[in-house]
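Participant: Quick one: structure below, then a few questions.
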Amino acid sequence: MLTARFWGVRGSIPCPGPDTVVYGGNTSCLEIRADERLIIVDLGSGVRPLGYWLIENDLKKYGKIKAEIFVTHTHWDHIMGLPMFNPAYIAGTELHIRGPKTSQNESLKVVIENQLSHDYWPVRASQLAANIKYDKIEETTLDLGGGLTVTSKIINHTTLCLGYRFEYKNKSIVTIFDYEAFNTGNGKVDAEKENEKIRQFMKGADIVIHDAQYTQDEYADHAGWGHGSFEQALKAATGLDIKKLVFFHHDPSHTDKKLKQLEKKYANKSNPKTIMAKEGLLLEA
């Protein structure tokens with residue numbers, strides 16, 4: 001069985017409070033299970049409650065926590081949760097973190113662990129008890145064993161960013177977290193050709209989790225910021241035999257009231273079936 005559970009669905013910055021209770025205020029974090037194997041996509045603030053859940057469940061059940069972690073990119077909202085991920089402070093925890101190297105001067109390990117430097121955090125990275133391994137990746141296909149594979153694809157954002165396609169037992173989950181469709185303003189890029197590459201990457205997936213930070217009207221004021229709209233996500237996913245399309249990376253200004261309105265307008269449609277991401281949502285591929 002291949003499943004996805006949402007622990008953080010926001011973009012840009014955490015936005016806790018009375019207006020974000022229904023959909024959640026944590027930034028990007030997705031738990032994928034291939035039967036009992038654990039994959040985490042992004043280390044946003046949502047990884048903090050995930051960590052508590054893993055201690056109460058995986059640690060008690062298996063005696064340790066072991067996770068394959070795939071970071072889409074190193075913008076802060078996608079990595080900020082690591083210092084608050086309690087399994088990292090437990091001996092025996094095994095974390096294999098993979099992602100793109102977005103800094104020209106520093107490694108993936110240094111960029112992520114700089115958050116635990118003296119200026120930002122009371123605990124140093126060297127004091128973490130977990131066994132943490134880092135690997136830089138770009139476009140590749142990795143065999144994780146046991147029939148589980150992941151393919152990465154560079155997608156259009158303001159920095160090097162990866163989409164992921166996880167495949168297991170003829171089921172698939174695709175993440176397109178921070179993505180703005182290419183357009184004629186992208187310089188010498190063949191926009192139509194590049195957008196079609198993303199479509200083919202998503203084709204036939206059981207679940208596609210897609211950036212939909214803005215409405216199309218809002219997007220007009222944010223073009224070039226590296227995020228897309230509900231309309232763009234629907235257009236990209238139409239006609240590809242995708243079973244479920246999940247709108248993700250909600251704008252921090254979108255309250256529960258606003259998201260309910262947008263859900264009524266954009267979600268619960270068919271071909272593909274459309275769903276609004278919310279914390280705690282569990283989907284089976």
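Participant: Which of the helices (runs of 4 or more DSSP H) contained wholly in segment 178-285 include at least 3 residues that are more than 20 Å from Thr151 (Cβ to Cβ)?
Facilitator: In segment 178-285, the matching helices (runs of 4 or more DSSP H) lie at 216-219, 230-237, 256-266.
Participant: Now for a different question. Enumerate the pairs (first residue in segment 252-277 and crowded, with 19+ Cβ neighbours inside 10 Å; second residue anywhere and at pLDDT below 95 and outside any helix (DSSP H, G or I)) with beta-carbon separation below 6 Å, excluding pairs fewer than 6 apart on the same chain, so at least 6 apart or on different chains.
Facilitator: Close Cβ pairs satisfying both conditions: Thr274/Ala267; Ile275/Ala267; Met276/Ala267.
Participant: Considering only segment 98-163, give the strands (runs of 3 or more DSSP E) lying wholly within it that have at least 2 residues that are over 23 Å from Lys66 (Cβ atoms) and touching a Phe, Trp or Tyr at 6+ places or on another chain (Cβ under 9 Å).
Facilitator: 148-155
Participant: Do we find that Asp119 is of a type outside the set (A, V, I, L, M) and at pLDDT 95 or above in this structure?
Facilitator: no
Participant: Okay, moving on. Could you tell me which numbered condition Thr158 fails, if it satisfies all but one of (1) within 16 Å of Ser107 (Cα to Cα); (2) surrounded by 13 or more Cβ atoms within 10 Å (Cβ to Cβ)?
Facilitator: (1)
Participant: What are the residues in segment 98-107 that are out of contact with any strand residue (DSSP E or B) (no Cβ under 7 Å at 6 or more places or on another chain) and in contact (Cβ under 8 Å) with a residue 40 or more places away in the chain, if any?
Facilitator: Thr102
The values are calculated or read from the model by the stated rules, or taken from the named source; none is laboratory data. This is a predicted model, so every value here is computed, not measured. Cβ atoms come from the backbone with ideal geometry, glycine included; neighbour counts cover every protein chain shown.
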